[in-house]
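In what follows, a single structure is set out as structure tokens and then discussed.
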Amino acid sequence: MGNMLKPSARDAFDLNMADAEMLVELGKLLRNRRSRRMRVERRERIGHALGIGQRRWKDLECLENEAIFMTLKPGHGNWRTRLDEAGLRPLLRQALVAACAAVETFCADRVMERYGAAIKAPSPCLLELRMTLGDYSYITDNFKRPGWGLRQIVELEVRKRASPAPSQIGELFGLIGEKDLMGRVDTLRKVEKGSSTETLERIVTRRNLIAHTGDRKGRGRAAITIPEVEADISYIISIVDALDAVTRPSVA
């Protein structure tokens, strides 16, 4: 049997960020650097090798860059021009969405990793969480140990509140008694006070535009580039590295 242990908050973040990085890498891999069509003699060789009828060899196309040479079969040659910088933007937009989701998940996971210790001496913010009669009934009906049921109710609320937005990150970690969190992140990253908040707010604002408006700008859609997304992913990793360090559970 495989290891069934739940991944740590940091391990889950790394796995989720790998998805975002994969989307960017795929975008880089599919960039067409070839300006001209495939040469006739190459079409003939590839068409013959692939068993494509001679009449259709003229419809063969290709993508080429420093990493790949990809043959486009007849009927799909239009992808040669579709996969320009604009054509790769859907991958880049979703990479940014995935990266922000990774931050959100990390924050909720880390708070729950700290919950066991926090509930022994709950912060005022944690004590302010409300429980309905339905929640109470669910706990008493389904758990011999009410504490386990309470944990589930708290976790639902934590995940509902989780967000990559800096202000909401601060509020979420306030449940377990953390204060001035983004200021401490700035210190650890050795950047000016407020820099981490400003950077994350900018990235989250763009994520929201992508998720809620399709990244519309005027009559079209906003430009987005591989270097831009790579830089934002790097910022996110740097910020979460610092968050991880300043909120890591104490070793008993």
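Just so it is clear, none of the values below were taken in a lab; they were calculated from the coordinates. Just so we're clear, the structure is a prediction, and the values are computed from it rather than from any experiment. Cβ placement follows ideal geometry from the backbone for every residue including glycine, while neighbour counts extend to all protein chains displayed.
One table, with the values for the structure above:
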| quantity | calculated |
| --- | --- |
| Computed FRET value (nearest 0.05) for Ala67 with Ser167, which takes r as the C-beta separation and R₀ as 35 Å | 0.30 |
| HN-Hα J in Hz across region 179-185 - Karplus 6.51, -1.76, 1.60, θ = phi - 60°, x for Gly and Pro | 10, 6, 5, 5, x, 5, 5 |
| Region 64-206, dipole about Cα centre (Lys/Arg Cβ +1, Asp/Glu Cβ -1), debye to the nearest 20 | 200 |
| From the C-alpha gyration tensor of the chain, square roots of 5λ in Å | 48, 22, 17 |
| Charge dipole magnitude, Cβ of K and R +1, D and E -1 - region 32-82, Cα centre, debye nearest 20 | 180 |
| Cα→Cβ-extended label distance, 7 Å offset, between Leu50 and Lys120, nm | 6.5 |
| Signed unit charges on C-beta, dipole axis of the chain, positive-most listed residue Ala67, Cys125, Ser167 | Ala67 |
| Computed E for Asn78/Lys217 - FRET, C-beta separation, R0 30 angstrom, nearest 0.05 | 0.70 |
| Most positive-pole-ward Cα, Trp148, Val204, Gly27, against dipole of the chain from beta carbon charges | Gly27 |
| Nearest-20 debye value, region 196-252 charge dipole, Cβ charges on Lys, Arg, Asp, Glu | 420 |
| Partners for Lys58 among lysines (Cα-Cα distance below 18 Å; same-chain residues under 8 apart left out) | Lys73 |
